[in-house]
Amino acid sequence: MNTERLELAVSKVVLGLLRSDDLAGVAVQALEDGCDSPSLRILAGLNASEADETRRMFDQVLSELDVAVPSKRDAVMRLARETAKEILVGTTGTYAGAKEIW
């Protein structure tokens, strides 16, 4: 089970960079990554008009899969490391990545 996308998503949620109506898509990706829980399956089936429910269900998913909610500082560091990785493998340009980290 690879929870990396969930960990990135929760970091973005903590920093206000991911909207509640995007969480169903995150759930679909997590299922594709091999994650599974009852709440994750429900979340993957919710639509954008159920934003309040998606946030509540996302919190339940994190609990079921033991994914910790980071502090704001830890969330920033996680996203900066991810951007640095993208720069190194060439999926993000140097300038764009540096600007994102800044």
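The values are calculated or read from the model by the stated rules, or taken from the named source; none is laboratory data. Note that the coordinates shown come from a computational prediction; the quantities given were computed from them, not determined experimentally. No Cβ is skipped: glycine too gets one built from the backbone with ideal geometry, and neighbour counts run over all protein chains shown. Surface accessibility is based on the protein's heavy atoms, side chains included, excluding ligands, DNA and RNA. Shrake-Rupley method; radii C 1.70, N 1.55, O 1.52, S 1.80 Å.
Below are the figures for this structure:
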read-out	value
Residue-span extension gain [ILE42 to THR94] - 0.36 nm each, minus C-alpha spacing	14.9 nm
Unit charges on C-beta of K, R, D, E only; dipole of the chain, Debye	460 debye
For the chain, diffusion coefficient by Stokes-Einstein and Kirkwood Rh (Cα), 10 °C, 1.306 mPa s, µm²/s	112 µm²/s
Charge dipole of the chain about the Cα centre (unit charges at C-beta), most positive-ward option of SER20, VAL61, GLY93	GLY93
Per residue solvent-accessible surface (Å²) - the chain, probe of 1.4 Å	62 Å²
Karplus-derived HN-Hα couplings along region 76-81 (A = 6.51, B = -1.76, C = 1.60, θ = phi - 60°), whole Hz, x at Gly and Pro	4, 5, 4, 5, 5, 5
Apportionment of accessible area to carbon and sulfur, the chain, percent (1.4 Å)	52 percent
Calculated from backbone phi, Karplus (6.51, -1.76, 1.60) coupling profile of region 39-50 in Hz, x at Gly/Pro	5, 5, 5, 5, 4, 4, x, 7, 10, 4, 6, 9
Solvent-accessible surface ranking, highest first, for LEU8, LEU23, LEU88, LEU17 at 1.4 angstrom	LEU88, LEU17, LEU8, LEU23
At R0 = 22 Å, FRET efficiency that the Cβ-Cβ distance of SER49 and GLU4 yields, to 0.05	0.15
Derived scalar couplings ³J(HN,Hα) [region 95-100; Karplus, 6.51 cos²θ - 1.76 cosθ + 1.60; whole Hz; x for Gly, Pro]	5, 4, x, 4, 5, 5
Relative contact order %, region 6-57, counting alpha carbon pairs below 8 Å whose residues are six or more apart	40 percent
